[in-house]
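*Asks:* For reference, the structure I am asking about is given below.
The values are calculated or read from the model by the stated rules, or taken from the named source; none is laboratory data. What you are looking at is a predicted structure, and each value in this text was computed from that prediction instead of being measured. All Cβ positions, even for glycine, are placed from backbone atoms using ideal geometry, and neighbour counts span all protein chains on display. Heads up: the accessible areas ignore ligands, DNA and RNA and are worked out on the full protein's heavy atoms, side chains in. Shrake-Rupley method; radii C 1.70, N 1.55, O 1.52, S 1.80 Å.
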Amino acid sequence: MGIKDTAAEWQVTATATPFVGNKTSVRTDEVVMPDGATVTRDYQVHPGSVAVLALDDEQRVLVLNQYRHPVRHKLWEIPAGLLDVPGENPLHAAQRELYEEAHVKAEDWRVLTDVYTTPGGCDEAVRIFLARGISEIEGERFEVSEEEADMELARVPLPDLIHGVLAGDLHNNCLVVGVLSLHAALTGGGLDGLRPADADWP
């Protein structure tokens, strides 16, 4: 018998939004617990994200190094971005991020996995795509700014990334989940068993 997460929504008796930022906000809900008690839950409201594990023909993963101010680290990551365009298709958003951050395109797209990044304090959902058949895009690169202006790109063999994750040297959520999910797929049912890129994502 398999296990599966299920949708549920406990009663909320009051809600407020004490902070609204450029992309996210903070919400405070009064939630009724199973014993009838009411407790306060604060969490970040997030538009959602997509990430792309791009695998080249030499089984190397395209990664980038970027400064992340909240954790005071430069982290190795896979291309990713917010779903901050209302109604944008997640696949199209992932293709856009791959172009903007790595200046490449891909021929084959699959869903690698879906995750909630920090469900105890944020409602962010991330869809991680697997992109294969990658090639450089002709023409000028997308003009980057702020943290992305200092970004470094690399192509790293999958075993090296797995080692870095297990050694505690790599910490980015999407990179860790993506790399280990890809390894599981390769050693399990194979990549053809992955969901199509347009799979339902409620």
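*Asks:* Out of (1) assigned to a strand (DSSP E or B); (2) open to solvent by 70 Å² or more (accessible area, probe 1.4 Å); (3) of a type outside the set (D, E, K, R), the odd one out for residue 22 is which?
*Replies:* (1)
*Asks:* Which of the residues spanning segment 96-108 are in contact (Cβ under 8 Å) with a residue 40 or more places away in the chain and either over 20 Å from residue 196 (Cβ atoms) or open to solvent by 30 Å² or more (accessible area, probe 1.4 Å) (or both)?
*Replies:* 99, 100, 101, 102, 104
*Asks:* Moving on to the next point. Kindly indicate the residue of segment 67-83 that is in contact with a Ser or Thr (Cβ under 9 Å, 6 or more places away or on another chain) and either touching a residue at least 60 places away in the same chain (Cβ under 8 Å) or part of a loop (DSSP other than H, G, I, E, B) (or both) and also surrounded by the most Cβ atoms within 10 Å (Cβ to Cβ) among those meeting that condition.
*Replies:* 80
*Asks:* Given 31, 63, which one is more than 26 Å from residue 184 (Cβ to Cβ) and not in a loop (DSSP other than H, G, I, E, B)?
*Replies:* Sole residue among the options that is more than 26 Å from residue 184 (Cβ to Cβ) and not in a loop (DSSP other than H, G, I, E, B): 31.
*Asks:* The conditions are (1) under 24 Å from residue 87 (Cα atoms); (2) exposed (fewer than 14 other Cβ atoms within 10 Å of the Cβ), and residue 38 fails exactly one of them. Which is it?
*Replies:* Unmet for residue 38, out of (1) under 24 Å from residue 87 (Cα atoms); (2) exposed (fewer than 14 other Cβ atoms within 10 Å of the Cβ): (1).
*Asks:* Give just the number: which of (1) under 15 Å from residue 134 (Cα atoms); (2) under 13 Å from the mean Cα position of the chain (by Cα); (3) not in a strand (DSSP E or B) does residue 101 not satisfy?
*Replies:* (2)
*Asks:* Would you say residue 126 is under 10 Å from residue 52 (Cα atoms), among the β-branched types (Val, Ile, Thr) and assigned to a strand (DSSP E or B)?
*Replies:* No; evaluated as a whole, the condition is false for this residue.
*Asks:* Still on this structure, please answer the following. Residue by residue through segment 33-66, note down the ones that are at negative phi, in contact (Cβ under 8 Å) with a residue 60 or more places away in the chain and among the small types (Gly, Ala, Ser).
*Replies:* Of everything in segment 33-66, those that are at negative phi, in contact (Cβ under 8 Å) with a residue 60 or more places away in the chain and among the small types (Gly, Ala, Ser) turn out to be 49, 51, 54.
*Asks:* Within segment 1-19, how many residues are part of a strand (DSSP E or B) and under 26 Å from the mean Cα position of the chain (by Cα)?
*Replies:* Number of matching residues: 2.
*Asks:* Could you go through segment 121-138 and let me know if any residue there is more than 16 Å from the chain's Cα centre (by Cα), closer than 22 Å to residue 201 by Cβ and in contact (Cβ under 8 Å) with a residue 24 or more places away in the chain.
*Replies:* yes
*Asks:* Residues that are modelled with pLDDT of 95 or more and part of a helix (DSSP H, G or I): does segment 137-158 have at least one?
*Replies:* yes
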